[in-house]
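One structure is given here, and the rest of the page talks about it.
The values are calculated or read from the model by the stated rules, or taken from the named source; none is laboratory data. From a predicted model like this one, the values you see are computed outputs, not experimental measurements. Here Cβ is always computed from backbone atoms with ideal geometry, including for glycine, and neighbour counts include all displayed protein chains.
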Amino acid sequence: MADAENDSMPNACLLLEDGSRIYRVHMNATRLTIGRSEKNDIVIKSDEVEAEHAEISFLSPHFVLAAHASIPPRGIGKILE
């Protein structure tokens, strides 16, 4: 059963680039965790990513990126503040 907040969530995806490869991750939950640890929704095996690096949450009507690491997240190669 879907929750009411998820019902109003727009169809969205996150694009992750790794060299010449691009991965598409569909935002099918109101919260996705990102990091090097296997317990994350999105696991990135890199020394530039901490075990619990960041999370993306849907807080209607916006998606919010929250950093949990001392290494800031990057978007299109630029540090996100």
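Within region 37-53, can you find the residues that are farther than 17 Å from Arg24 by Cα, in contact with a Ser or Thr (Cβ under 8 Å, 6 or more places away or on another chain) and among the hydrophobic types (A, V, I, L, M, F, W, C)?
Ala51
Considering each residue of region 55-81, count those that are at pLDDT 90 or above and either of a type in the set (Gly, Ala, Ser) or touching a helix residue (DSSP H, G or I) at 6+ places or on another chain (Cβ under 8 Å) (or both), and give that number.
The qualifying residues number 2.
Out of curiosity, is Glu50 in contact with a strand residue (DSSP E or B) (Cβ under 8 Å, 6 or more places away or on another chain), of a type in the set (Asp, Glu) and at pLDDT 85 or above?
yes
Could you run through region 17-73 and say how many residues are surrounded by 11 or more Cβ atoms within 10 Å (Cβ to Cβ), among the β-branched types (Val, Ile, Thr) and without any contact (Cβ under 8 Å) to a residue 12 or more places away in the chain?
Final tally of qualifying residues: 1.
Can you tell me how many residues within region 8-34 are among the aliphatic types (A, V, I, L, M), closer than 10 Å to Phe58 by Cβ and within 10 Å of the chain's Cα centre (by Cα)?
Selection size over region 8-34: 2.
Please determine, by comparing only the residues of region 18-47 that are over 16 Å from Ser8 (Cα atoms) and among the small types (Gly, Ala, Ser), which one is modelled with the highest pLDDT.
Only one residue fits best here, namely Ser37.
Taking region 5-56, which residues are closer than 18 Å to Ala69 by Cβ and among the basic types (Lys, Arg)?
Selection gives Arg31, Arg36, Lys39, Lys45.
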